[in-house]
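Down below is the structure, laid out as structure tokens.
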Amino acid sequence: MASLPPPPAPSVSPPVPPYVIALADDLSGAAETARALGGPVRLSLDAADVAEIAAAHDLVVDLNTRDLPPAEAAYAVRTALRAAQTGPPRLLYKKVDSQLRGNLAVEAAAYAEGAQAVIVAPALPAARRTVTGGVVHVNGVPLHRTDGWRAERAAAPRSLPEALSGLPVRTVPLDVVRSEAAVLDAEFRRIAASGAHPVADAETDADLDAVAAAALRLGTGFRLLGTGGLAAALGRALVRPAAAPAPSPAQDSDPLLFVVGTAEPGAAAQIAHLTALGAHHVPLDPADLAAGTVSLPRTAAAPALTVFSIDGSAGLRPGAGRALSAALAALVAAYPGRPDLVLTGGETARTTLDALKIRELEPLGEIHHGAVHSRTPDGRRVVTRPGSYGAEDSLLRIAVALRPHLAAATVATAATAAT
């Protein structure tokens, strides 16, 4: 009788560094990653801080490369990696957009330099963004058939291999992701040995948990690239001290300024919930913003609740986002007083904080998925949220979390609407 083949060798767990260095291409994604990792964390807007490797916390750095020219974006990633590798090894994580926007191909290629392999898993189940057959789906629809790239200069990629053009990748199907740990580890090793990088299908958080656990078993030669979903899986897999509890909300008397820098169609309905509470809404014409002809009315004191938004009713010019964000940031810097801020869209968030000379955030909590509540070094409260996230009541929920007295007004408004 023929002897049976030996069972696969068990996966060996190499020593895992307790802390992570994560690189993001925009600020809302950096904040999302910082909260997802779950341990003590520093969120920096200064790429030079990647060299700070001795402290006992995760470090998430916004490289602010989403809208840079490709060569500059790749250079920023390479520079950060060199700084990250000058001390004891840490697990490296690259945060990418769940709809694959930005300089994904060139940044991934730069990030892969010197790695045994990069494990790619950009699914985000919490936002109903999944990956099957190497194709990103949004609410079950392939990405290239959605309008997620309507403000981009190019068409959405049809698959992850297309989005990562120039980087050799191999798709790891769901049945392998959901197989025994030794089988998944062996597949990742096999792909790495062939000179390629594994792209993992995933539909659930459990799928991402399996990917993150495999990366930890394989060691720091394998780097991770994904969204906040994979970062959260990594946070669940790592055993570290818990982050500090969030402090009490800010004073109700402080002004609160919403800066809605997204072209998402749902933004108007989100803003409507705030105006129903009496928020002062300032829609801004994109042509006037770009021309620098918008000015704020002079008032004795800022309203308690104000919303700046870009009027997209006439459509927005693809590629204009950076200039419009800069113009919005200039308005915020000129706003009277020192309001707490709610910033939607990564580019809007980054340019606004740059204009205010804020270089670091302390993440405190998450109001809803992707809406990260942070504190600046001087005590100002800031909430960042990707432009494409959030249900119709997203901004309302953020307002109530920051200003609890609005909860009663919300109930009264809902009761009035029902009668």
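The values are calculated or read from the model by the stated rules, or taken from the named source; none is laboratory data. The shown structure was predicted, so the numbers you read here are calculated from the model rather than taken from an experiment. Methodologically, a virtual Cβ is constructed for each residue, glycine included, from the backbone with ideal geometry; neighbour enumeration extends over all protein chains shown.
Please state which one of A154, A110 is in a helix (DSSP H, G or I) and in the same structural domain as Y75 (by TED's automatic domain parsing).
A110 is the lone residue from the list that is in a helix (DSSP H, G or I) and in the same structural domain as Y75 (by TED's automatic domain parsing).
If we keep just the residues of segment 10-34 that are modelled with pLDDT under 50 and small (G, A, S), which is surrounded by the fewest Cβ atoms within 10 Å (Cβ to Cβ)?
Taking the candidates together, the pick is S13.
Of all residues in segment 170-200, how many are assigned to a helix (DSSP H, G or I), of a type in the set (D, E) and more than 16 Å from G134 (Cα to Cα)?
1
Only one of L167, L225 is surrounded by 19 or more Cβ atoms within 10 Å (Cβ to Cβ) and outside any loop (DSSP other than H, G, I, E, B); which?
When all the criteria are applied, what remains is L225.
Restricting attention to segment 186-222, report how many residues are in contact (Cβ under 8 Å) with a residue 60 or more places away in the chain and surrounded by fewer than 21 Cβ atoms within 10 Å (Cβ to Cβ).
Number of matching residues: 12.
Would you mind finding the one in L341, L395, L406 that is crowded, with 22+ Cβ neighbours inside 10 Å, hydrophobic (A, V, I, L, M, F, W, C), under 22 Å from A269 (Cβ atoms) and at pLDDT below 90?
Residue meeting the stated conditions: L406.
Quick grid of which residues meet (1) modelled with pLDDT of 95 or more; (2) surrounded by fewer than 24 Cβ atoms within 10 Å (Cβ to Cβ); (3) not in a helix (DSSP H, G or I); (4) not hydrophobic (A, V, I, L, M, F, W, C):
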| position | (1), (2), (3), (4) |
| --- | --- |
| L81 | no, yes, no, no |
| T86 | no, yes, yes, yes |
| P89 | no, yes, yes, yes |
| A105 | yes, yes, no, no |
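Restricting segment 266-277 to residues that are modelled with pLDDT of 90 or more and not aliphatic (A, V, I, L, M), which is farthest from D147 (Cα to Cα)?
Step by step, filter segment 266-277, then rank; the result is T275.
Residue check: is V131 under 15 Å from S159 (Cα atoms), assigned by TED's automatic domain parsing to the domain that holds T204, outside any loop (DSSP other than H, G, I, E, B) and not hydroxyl-bearing (S, T, Y)?
yes
I'd like to verify a number: residues in segment 109-128 that are under 16 Å from the mean Cα position of the chain (by Cα) and crowded, with 24+ Cβ neighbours inside 10 Å, how many?
Of the residues in that region, 5 qualify.
Just to be sure I understand the filter: pairs with C-beta atoms under 6 Å, separated by 6 or more residues or on different chains, first member in segment 29-40 and assigned by TED's automatic domain parsing to the domain that holds T227 and assigned to a helix (DSSP H, G or I), second member buried (at least 24 other Cβ atoms within 10 Å of the Cβ) and among the polar types (S, T, N, Q). Which pairs pass?
Here the result reads A31/T384, each pair linking segment 29-40 to a residue that is buried (at least 24 other Cβ atoms within 10 Å of the Cβ) and among the polar types (S, T, N, Q).
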